[in-house]
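These notes are about the structure you will find just below.
The values are calculated or read from the model by the stated rules, or taken from the named source; none is laboratory data. Keep in mind that this is a model prediction, so the values were computed, not measured. Note: ideal-geometry Cβ built from the backbone for every residue, glycine included; neighbour counts use all protein chains shown. When the accessible area is computed, the model is the full protein with side chains, heavy atoms only, and any ligands, DNA or RNA have been set aside. Shrake-Rupley method; radii C 1.70, N 1.55, O 1.52, S 1.80 Å.
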Amino acid sequence: QVQLVESEGGLVQPGGSLRLSCAASGIILSIYAMGWYRQAPGKQRELVAAITSSGSTNYADSVKGRFTISRDHARNTMYLQMNSLKPEDTAVYYCNARSQVWSWGQGTQVTVSS
């Protein structure tokens, strides 16, 4: 089983930046991919970005060119660098790890507002 702990989100002004981290523990070697999802009020949870163990990445069209997902295998930590933030990026962001089962972090609130 995999346990995931996310860093705190926060309040950011439009155009600002924020970096989220997700620390994994447990059966790390079983993880073949990790990702970030988000859920805004009244909306379904959606994929933001994902990264495989080999480093391949994919992004939602809405964040391409603004967000960057990365993974530090030595620290068992995944990151999401978010730049040029927009109000529509406001959501609860969830870390996800995929092995035999999907594991989720507790979620962290990101609010983009002036």
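Brief remarks on what is shown
- Taking amide H positions as modeled 1.01 Å from N, with prolines and chain starts lacking one, the residues under 5 Å from F67 and 5 or more places away or on another chain are N83.
- Neighbours of A23, meaning other residues whose beta-carbon lies under 14 angstrom from its beta-carbon, give a summed charge of 0 when Lys and Arg score +1 and Asp and Glu score -1.
- Couplings 3J(HN,Hα) for the range 70-77, derived from phi with the Karplus relation 6.51 cos²θ - 1.76 cosθ + 1.60 (θ = phi - 60°), are 8, 9, 9, 5, 5, 9, 6, 10 Hz, where x marks Gly and Pro.
- Here the relative contact order of the range 72-114, from alpha carbon pairs under 8 Å that lie six or more residues apart, stands at 38 percent.
- Note on the chain: GNM, Cα springs under 10 Å; of G16, G55, G42, the largest mean-square fluctuation is that of G42.
- Measuring nothing but protein heavy atoms, the accessible surface of the chain at 1.4 Å probe radius is 49 percent carbon and sulfur.
- Note that the range 55-65 has calculated 3J(HN,Hα) couplings of x, 5, 10, 8, 10, 5, 4, 5, 10, 4, x Hz, one per residue in order, obtained from phi through the Karplus relation 6.51 cos²θ - 1.76 cosθ + 1.60 (θ = phi - 60°); glycine and proline are x.
- Once the 1.4 Å probe is applied to the protein heavy atoms, the chain comes out at 53 Å² accessible per residue.
- Heavy-atom accessible area for R45, with the other protein chains in place and a 1.4 Å probe, reaches approximately 90 Å².
- Summing charges over all other residues whose Cβ lies under 14 Å from the Cβ of T111, with Lys and Arg as +1 and Asp and Glu as -1, gives -1.
- Other-chain or far-sequence residues with amide H under 5 Å of V48's (modelled H): W36, Y37, R38
- Other residues within the sphere of radius under 14 Å centred on the Cβ of S54, judged by their own Cβ, net out at +2 (K and R +1, D and E -1).
- Mean Cα-pair separation over length for the range 38-87, i.e. relative contact order, pairs under 8 Å, 6 or more apart, %: 24
- Nonlocal amide H pairs with G107, under 5 Å, H built at 1.01 Å: E6, C95
- Relative contact order of the range 1-41: 45 percent, from C-alpha pairs under 8 Å at least 6 residues apart in sequence.
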